[in-house]
Amino acid sequence: MNIPKIVSETAEKNGYDLVEYLGTYKGADAFCVGVKSDEEIPCPTGLPSAILFRNGVAEFVSGLESLELLNSFE
């Protein structure tokens, strides 16, 4: 899936340079975000963060809400 520009911009605004599509979550496209190392390998960042994209709006999600979101894809 192509990552919408607003999703990439939201990730960058929050300090992330890696965005990957997860799937659909509660009617929104869900993306996980992270930080790449110099070798382009994702680095651990602590609690996970994600971005929900619905109706042209990107919402940054973190903390326990992002854990719930990510656990729904197991």
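Observations, loosely collected:
- Once both labels are positioned 7 Å from their Cα atoms along Cα-to-Cβ, the gap between residue 12 and residue 24 label points is 3.0 nm.
- Under 5 Å between amide hydrogens, built in the peptide plane, is the criterion, and for residue 58 it picks out nothing among residues at least 5 positions away or on other chains.
- Solvent exposure of the chain, expressed per residue, is 64 Å² of accessible area, with all protein chains present and a 1.4 angstrom probe.
- Largest-first ellipsoid semi-axes for the chain, taking √(5λ) over the Cα gyration tensor eigenvalues, angstrom: 18, 15, 11
The values are calculated or read from the model by the stated rules, or taken from the named source; none is laboratory data. Computed from a prediction, not measured in an experiment: that's the story for all the values here. Heads up, the Cβs are rebuilt from the backbone with ideal geometry, glycines too, and the neighbour counts pull from every protein chain shown. Heads up: the accessible areas ignore ligands, DNA and RNA and are worked out on the full protein's heavy atoms, side chains in. Shrake-Rupley method; radii C 1.70, N 1.55, O 1.52, S 1.80 Å.
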